[in-house]
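Participant: The structure is given below, and queries will be raised subsequently.
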Amino acid sequence: MVEDMSLDQKIAEVRTLLERVQKDYLPATFANSFGAEDMVLTDLIARHYPDIEMFTLDTGRLPQETYDLMQQVTERYGIRIPVYFPDAAAVEAYVAQNGPNAFYDSVDLRKKCCHIRKVEPLKRALRDKRAWITGLRRDQAPTRKGLVESEFDAENGLQKFSPLLDWSQADVWAYLKQFDVPYNALHDKGYTSIGCAPCTRAITPGEDVRAGRWWWEDPEIKECGLHPGKKRGAHNIASATTAGSGAAVKDLAVSD
Ligand code: SF4
C-alpha cells in the first residue's frame, strides 16, 4: 500500500521513474509551476537528472513571490529555466474585447484566458518532446482523482509522467524540509495552490487544497486546461510556519 511507504521509499520510486524517463524518453521536459510539489521535482531533477529539461509558463499575471522563487532556484541550482510567454497579439485582442479581468465574468471567458496564457504556450513548450513531467497529485482535486502515473497525452502527442501522484501534502512538505528546498513565500500566508495572482486566494483550515483557485467556480470543473481530466493536470524551509509545517493549513502549479 502506497500510504504505508516511508518517505525514503517514495523518493526511491520517484527516482526510478525519473531514471526511466531520462534513459528512454529524451527529449523530456518538466513543466515547472514552482508550486510545492514542483519544488520537490525541481530539486530531484536539478541535482540528479541533468538531461531532463525544465520550463515554466509566465502568464503575465503571476504573483511577485513566484518570480522571487524563480530567481532563488537559479541561484540555488545554477540553472536558468526557460520561460514561455503567451502570444502578445492574442492577449491584446482578448483584453481589448473583454477587459483585463474578464475571467471573473464567466467560465467560458476564464477558460479562454487560460487557453491563451497557459495552454497555447504549453503546446509550444512540449513541441518535439517525447515526454513531459508534472507534479500533479491525485488528492489535490476531484478533477485529478482519475489520473495515472504514466499515460499517453493524446492532446499534446507525447507521454506524460506524474511521479508524485500518490504523495500526500505531508510527504511534499516533509521532502522540502528534509532537503531544505526553497518554496513560494505565499505558502506561509495560507496559499496552498498558487497560480495567477487574480485567480488565487489563501484558504482557511479545512478547505480543500485547491479551494483557493478560481474559488468562484464549481470545484468539479475547475482546471486551467493544462491537465484535462481523463474522460472515463525565497523562503527557506527552516523558517516554515503554517503551510510549510503542514500544521494549520492541512493541505500547492504546477502543479498548476
Ligand atoms: S489563471 Fe486566471 S489570469 Fe491566469 S490564465 Fe487562467 S484565467 Fe487567466
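Participant: Calculate the dipole size of the range 2-245 relative to its Cα centre from +1 charges on Lys and Arg beta carbons and -1 charges on Asp and Glu beta carbons; express the result in debye to the nearest 20.
Facilitator: Roughly 480 debye, rounded to the nearest 20.
Participant: Past 19 Å, Cα to Cα, is the threshold; run K118/K160; K123/K160; K23/K177; K23/K129; K145/K189; K129/K160 against it and keep the listed order.
Facilitator: Table pairs above 19 Å Cα-Cα are K23/K177; K145/K189.
Participant: Within 10 Å of each residue's Cβ, count the other Cβ atoms and sort T56, T16 from fewest upward.
Facilitator: Going from sparsest to densest Cβ surroundings: T16, T56.
Participant: Oh, and also: How big is the Cα convex hull of the range 2-245 in projection, averaged over all directions, in nm²?
Facilitator: Over all viewing directions, the range 2-245 projects a mean Cα-hull area of 12.8 nm².
Participant: Just the number, please: percent antiparallel of the DSSP beta bridges in the range 2-245, rounded to the nearest 5.
Facilitator: 35 percent
Participant: Using only the Cα atoms of the range 6-67, construct the convex hull and provide its projected area averaged over every direction, in square nanometres to one decimal.
Facilitator: Dividing the Cα hull surface by four gives the mean projection, 4.8 nm².
Participant: Can you tell me the order of 61-70, 146-155 when each peptide is scored by its average per-residue count of other Cβ atoms within 10 angstrom, highest first?
Facilitator: Highest to lowest by the protection proxy: 61-70, 146-155.
Read-outs throughout are calculated quantities, based only on the coordinates presented, and are distinct from any laboratory measurement. This is a predicted model, so every value here is computed, not measured. Cβ sites come from the backbone with ideal geometry, for glycine too, and all protein chains shown count toward neighbours.
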